[in-house]
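Quick note: the coordinates plus some simple rules give every number you see, no bench work behind them. Computed from a prediction, not measured in an experiment: that's the story for all the values here. A quick note on method: Cβ atoms are made from the backbone with ideal geometry, for glycine too, and the neighbour counts reach across all protein chains shown.
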Amino acid sequence: MSAEAGTTGARQSRLSRALLYALLIVFAVYYLLPLFVMLVNSVKPLSEIRGGNMLALPHEFTTAPWKSAWNEAQIGVSATGLAPYFINSILMVVPAVAISLIVGALNGYVLTKWRFPGANVVFSLLLLSCFIPFQIVLIPMARILGIIGLAGSISGLVLVHVVYGIGFTTLFFRNYYEAFPTELIRAAQIDGAGFWRIFTRILLPSSGPIVVVTIIWQFTNIWNDFLFGASFSGFDSMPMTVALNNLVSSSTGVKEYNVHFAGAIIAALPTLVVYIVSGRYFVRGLMAGAVKG
Amino acid sequence: MSTIAQASVPPARASGARARLQNWLPRLVLAPSFAAILVFVYGFILFTVYLSFTDSTILPRYGLVGWANYERLWRLPNWWIALENLAIFGALYIGICVVIGLFLAILLDQKIRGEGVLRPIYLYPMALSFIVTGTAWKWFLDPGIGLEQVMHHWGWTSFHFTWIKDTEMAIYCVVIAAVWQSSGFVMAMFLAGLRGIDNEILRAAQIDGASTFQIYRRIVIPQLRPAFLSAFVVLAHLAIKSYDLVVALTNAGPGRATELPATFMYSYTFARNSMGVGAASAVIMLMMIASVIVPYVYAEIRGGGNER
Amino acid sequence: MAFLEIVDLEKSFGNVRVLKGINLEVEEGDFLVLVGPSGCGKSTLLNTIAGLEPISGGEIRINGRVVNDLAPAKRDIAMVFQSYALYPNMTVAGNIAFGMEMRGIPKAERDRKVAEVAKMLQIDHLLDRRPSRLSGGQRQRVAMGRALVRDPQVFLFDEPLSNLDAKLRVEMRTEIKRLHSSMGTTIVYVTHDQVEAMTLATKIAVLKDGVLQQFGTPDEVYNDPANIFVADFMGSPAMNLIPARVDAGAAEPMLVLDRGSEEPLRLPLNGAAPKLANAVGGDIFFGIRPEALTDPDSADRTASHVAHGECTIEVVEPTGSDTFAITRLGGKPVVARLRADARVRAGEPMRLAFNLDKTVFFDAKTEQRIA
Ligand SMILES: Nc1ncnc2c1ncn2[C@@H]1O[C@H](COP(=O)(O)OP(=O)(O)O)[C@@H](O)[C@H]1O
Ligand SMILES: [Mg+2]
């Protein structure tokens with residue numbers, strides 16, 4: 001909606017328009033400020049940060065902090081930089097997203113187009129599982145991962161993220177397929193297509209948008225996860241967020257702020273790129289996950 | 001959202017083993033997820049509830065101790081600090097996010113040129129990890145190198161901003177960073193709500209002689225009730241679960257000054273070898289979230305059912 | 001033995017009975033229209049014939065074979081849906097060919113049949129398009145093409161025209177009728193539009209609340225409605241259903257119609273008299289269609305009994321081809337159909353002709369036909 005300036009004079013309206021834009025720009029500055037701080041200070045030498053103005057552009061431009069953050073900085077006991085943990089995160093995110101996506105799509109398909117008595121109970125249980133505070137499952141999960149031999153491994157993290165992701169992926173696909181005309185399924189049945197062929201030939205080809213939304217949602221959440229990573233990973237399987245936190249909060253040695261900032265940007269880069277490339281879908285996922293869930 | 005029975009396609013009954021398989025196929029497909037959720041969510045919840053009544057310390061043990069863990073929990077000053085902090089943090093976080101979100105949404109809704117540029121700028125923090133947000137704000141609010149230094153460089157030498165080192169004020173730093181991360185998202189929710197309002201109602205109000213301010217106050221904002229509700233539920237949920245941000249920003253310090261239930265649970269369970277108390281605090285957290293979510297989901301399901 | 005037989009068909013969703021003991025017999029080549037108000041169970045009935053909904057009781061036979069437990073694809077039927085249900089991700093050709101593909105028919109043969117059907121429906125220039133780029137009428141044709149290409153034993157149509165605008169609807173109606181007469185395939189067709197039912201059907205089944213009200217030819221359903229519901233539902237403008245009494249009369253029973261402040265109107269019963277002997281003194285509904293209630297000059301000259309009565313006209317509605325005059329009888333507005341140039345003015349009395357050959361009588365309580 002929009003409210004037009006009624007009978008007020010043109011001058012007053014031009015003034016209020018200017019004020020409006022000024023306010024909007026102030027907010028934009030507020031949101032961009034931390035990113036600006038990170039960027040600017042990640043290319044300054046440490047001395048310039050310590051003695052200088054954080055909001056000032058660098059006098060001396062250096063990429064050393066980036067190099068250090070990527071493959072030199074001390075993480076825990078080893079000076080490997082963030083690179084191995086970046087790889088860990090990728091090894092964790094890709095299978096976890098793929099599996100939870102496929103499972104969610106199939107669940108959504110069954111829950112809308114092949115309902116059976118009790119399907120609503122299953123859905124309600126899945127739906128409620130989206131909301132639990134994960135603290136409530138930390139202790140038993142640690143036990144189970146130990147028992148099945150996945151403690152401290154990337155596979156263990158994949159399992160955790162799949163299990164606690166299918167609630168959301170199912171919800172996304174269910175809501176999407178709910179709106180998918182049932183008559184289409186009926187037509188395909190009359191044409192002789194069965195359970196799998198209806199799914200692969202009729203539903204999946206029309207699922208592009210929700211697949212993108214789900215991938216983005218899952219990717220962002222799993223990449224950004226810290227709690228599970230901190231709880232269930234070992235030194236070799238730490239995801240990016242945990243490694244970054246180790247880097248930033250290690251109490252030994254000098255605080256290399258510029259390296260921290262570079263590391264933070266590296267950790268943020270994948271999700272930021274996804275956001276920039278597919279902002280529309282990202283917002284849709286947020287809304288679907290938040291409002292519907 | 002609606003979970004009310006809708007026209008769906010039940011399998012046509014058919015004879016033969018293959019046909020019987022077809023009839024069971026949907027159930028078979030859903031079964032692994034169902035089993036996983038039963039075990040990993042509901043089974044684990046029960047297990048944690050059970051643990052909260054045992055004498056578990058560093059590892060789970062199964063000697064029942066009745067309500068002892070809960071009694072101990074409610075006697076711990078740290079738990080009270082965590083709850084008090086959650087109350088302050090939750091109230092300010094939700095309140096400020098809603099105010100900023102609504103304000104920005106209304107501003108953006110005035111046929112703004114460049115909305116396509118501004119909206120993504122307001123929203124991008126939502127794509128970041130709380131660890132990244134925490135890192136950025138941790139150093140930006142740091143008196144040694146951050147905002148305070150900036151002001152000094154700009155000539156305001158008497159400026160002091162040491163909240164993040166101050167046990168009384170540190171929790172407000174968590175609020176600042178959290179609001180920065182989430183308020184754009186709340187803006188998006190309100191904006192969607194605003195765009196959903198029927199234009200003709202607004203024209204009618206204009207013809208009735210309402211001013212822009214009156215239109216918003218009397219007609220638009222009351223119609224945003226669902227957006228308010230969703231925003232509240234989402235933010236309350238995020239607040240209760242908040243963990244990463246505090247870890248990255250203050251690591252629950254200085255001292256235990258920014259302890260929240262989530263950090264409390266983690267440290268008692270895994271660092272302080274009081275798994276029984278940790279489990280009890282997790283159960284309390286679950287109950288807090290349930291008290292927000294269950295009525296909401298219930299209303300949504302019922303409302304959805306009525307609309308159809 | 002009929003071609004399509006439905007015997008004591010029951011269908012419940014949970015504990016809601018939606019179809020209550022339906023019996024229908026359709027001969028090969030018949031065009032059966034299922035008609036009734038929305039929600040009465042028409043689509044459900046059609047879906048059970050298609051095998052898309054399992055039935056709760058009874059039997060469905062197609063060409064002598066019980067199909068109760070047969071999957072939809074095995075019943076040798078084709079169906080056209082209200083929303084057309086075109087697969088959005090496939091081209092028009094892909095849509096038409098999908099069923100053949102599922103049945104493993106070789107590509108060359110598929111292409112040949114698609115081309116043939118497309119030509120017949122004049123959609124051959126659209127074969128490479130996606131459904132989203134077609135107009136409503138074109139989508140309709142594609143949906144028909146998908147059904148035609150199967151060459152089934154029975155065609156099932158679920159309100160296929162209700163998403164089209166009025167002009168296109170009439171056009172497609174004619175086209176469907178033409179297709180039926182050229183192919184002679186049995187059709188079961190669902191609509192809530194009684195005009196569509198009358199124009200297309202060779203047999204009409206009127207449903208209400210899951211109960212079959214009447215099953216017969218269009219002529220039977222129109223002229224000999226089984227009850228008040230059917231009488232009221234079929235025909236536009238609707239039949240006048242006037243609360244009335246039967247009076248013993250001097251020589252024979254008379255029909256008495258209230259005229260408000262004036263003397264009640266008394267009409268002879270003629271042929272219906274014996275059947276109404278039991279109703280003397282009781283309340284009934286007297287049914288007469290607007291075309292049987294006319295100005296004296298337009299009264300049907302072949303009718304054996306025409307009675308006249310003076311009525312005050314309340315409203316006059318010229319339509320161009322006819323003029324409808326509304327009077328009040330039995331406390332209810334009653335529509336008479338007059339010549340376009342009949343001289344009539346609102347508020348003035350007029351002499352109306354009642355064609356007594358075309359009257360029906362219903363019990364006021366049971367609402368069933370009594371004469
Ligand atoms: N899958 C279903 N589950 C429950 N009730 C249904 C279902 N399908 C239809 N109904 C109910 O059955 C009745 C008949 O529906 P339908 O056959 O679609 O009517 P129509 O005559 O308008 O086509 C309606 O009251 C409808 O609500
Ligand atoms: Mg219907």
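Largest first and in whole Å, what are the equivalent-ellipsoid semi-axes of the range A:83-292 based on the Cα gyration tensor, each being the root of 5 times an eigenvalue?
36, 20, 14
Report the semi-axes of the equivalent ellipsoid for the protein assembly as shown in whole Å, largest first, where each axis is √(5λ) for an eigenvalue λ of the Cα gyration tensor.
With the √(5λ) rule applied to the protein assembly as shown, the semi-axes are 71, 34, 28 Å.
If one computes the Cα centroid of the range A:223-281 and of the range B:152-190, what distance in Å separates the two points?
Each part reduced to its Cα centre gives a spacing of 21 Å.
Can you figure out the FRET efficiency of B:Trp154 with A:Leu23, using R₀ = 22 Å and their beta-carbon distance, to the nearest 0.05?
0.45
Taking a ≥ b ≥ c as the square roots of the eigenvalues of the Cα gyration tensor of the range B:72-307, is the shape rounded (a/c under 1.5), prolate (a/b larger than b/c) or oblate?
In terms of gyration-tensor shape, oblate.
Multiply the residue gap between C:Ala108 and C:Arg266 by 0.36 nm, knock off their C-alpha separation, and tell me the result in nm, one decimal place.
49.5 nm
Quick one: Karplus J couplings for the range B:80-93, per residue in order, coefficients 6.51, -1.76, 1.60, θ = phi - 60°, nearest Hz, x for Gly and Pro?
For the range B:80-93, the Karplus curve yields 5, 4, 4, 5, 4, 4, 4, 5, 5, 4, x, 5, 5, 4 Hz.
Remind me, what semi-axes does the range C:4-233 give for its equivalent ellipsoid, largest first in whole Å, using sqrt of 5 times each Cα gyration tensor eigenvalue?
30, 20, 15
Below 8 Å, C-alpha to C-alpha, sequence gap of six or more: please give me the relative contact order for the range C:4-233 in percent.
29
Of the lysine pairs in chain A, how many meet both conditions: Cα atoms under 29 Å apart, and a spacing of 8 or more in sequence or different chains?
Value for chain A: 4.
Nearest 0.05, what FRET efficiency do C:Asn68 and A:Ile87 give at R0 = 60 Å with Cβ-Cβ as r?
0.50
Give me B:Ser33, A:Ser249 ranked fewest to most by other Cβ atoms within 10 Å of their Cβ, as a rough exposure proxy.
Starting with the residue having the fewest Cβ neighbours, the order is A:Ser249, B:Ser33.
So what's the gap between the Cα centers of the range C:74-101 and the range B:42-120, to the nearest angstrom?
The two parts, judged by their Cα centres, are 52 Å apart.
The range C:75-200: percent of C-alpha pairs farther apart than 19 Å?
In whole percent, the share of Cα-Cα pairs in the range C:75-200 beyond 19 Å is 45.
By counting other Cβ atoms within 10 Å of each Cβ, how are B:Tyr298, C:Tyr87 ranked from fewest to most?
Ordered from fewest to most neighbouring Cβ atoms within 10 Å, B:Tyr298, C:Tyr87 come out as B:Tyr298, C:Tyr87.
Nearest 500 deg cm²/dmol is fine: what mean residue ellipticity at 222 nm does chain B get from its DSSP H runs of n ≥ 4 alone, each adding -39,500 (n - 2.57), divided by its residue count?
For chain B, the value works out to -20500 deg cm²/dmol.
If you fit an axis through the alpha-carbon atoms of helix C:166-183 and take the longest principal axis of the Cα set of chain C, what angle between them do you get, 0 to 90°, nearest 10?
With rounding to tens, the tilt is 70 degrees.
For the range A:179-203 and the range C:177-214, write down the distance between their C-alpha centroids in whole Å.
27
Got the relative contact order for chain A handy, in percent, Cα pairs under 8 Å and 6 or more residues apart?
Relative CO of chain A lands at 27 percent.
Using 0.36 nm times the number of residues separating B:Ala290 and B:Ala31, minus their current alpha carbon distance, what extension gain do you get?
90.7 nm
With no solvent and one equal point scatterer per Cα, compute the Debye intensity ratio I(q)/I(0) for the range C:240-363 at 0.12, 0.14, 0.19 Å⁻¹ and report its log10, rounded to two decimals.
Relative scattering, expressed as log10 I(q)/I(0), comes to -0.41, -0.56, -1.01.
Using the Kyte-Doolittle scale, which helices in chain A average at least -0.5 and also have C-alpha atoms spread 20 Å or more along the helix axis, with helices defined as whole DSSP H runs?
A:10-41, A:83-113, A:208-224, A:257-277
Using Cα-Cα distances under 8 Å and only pairs 6 or more residues apart, what relative contact order does the range B:194-308 have, in percent?
With pairs under 8 Å counted, the relative contact order is 19 percent.
Going by alpha carbons, how many degrees (0 to 90, nearest 10) lie between the helix axis of C:107-120 and the longest principal axis of chain C?
Roughly 30 degrees between the two axes.
Within the range C:267-290, whose backbone N sits under 12 Å from a point 7 Å along Cα→Cβ of C:His305?
Of the residues in the range C:267-290, C:267-277 have backbone N under 12 Å from the label point off C:His305.
If I model a spin label at C:Ser38 and B:Arg195 as a point 7 Å from the Cα along the Cα→Cβ vector, what separation in nanometres do I get?
Spacing of the two 7 Å Cα→Cβ label points: 3.0 nm.
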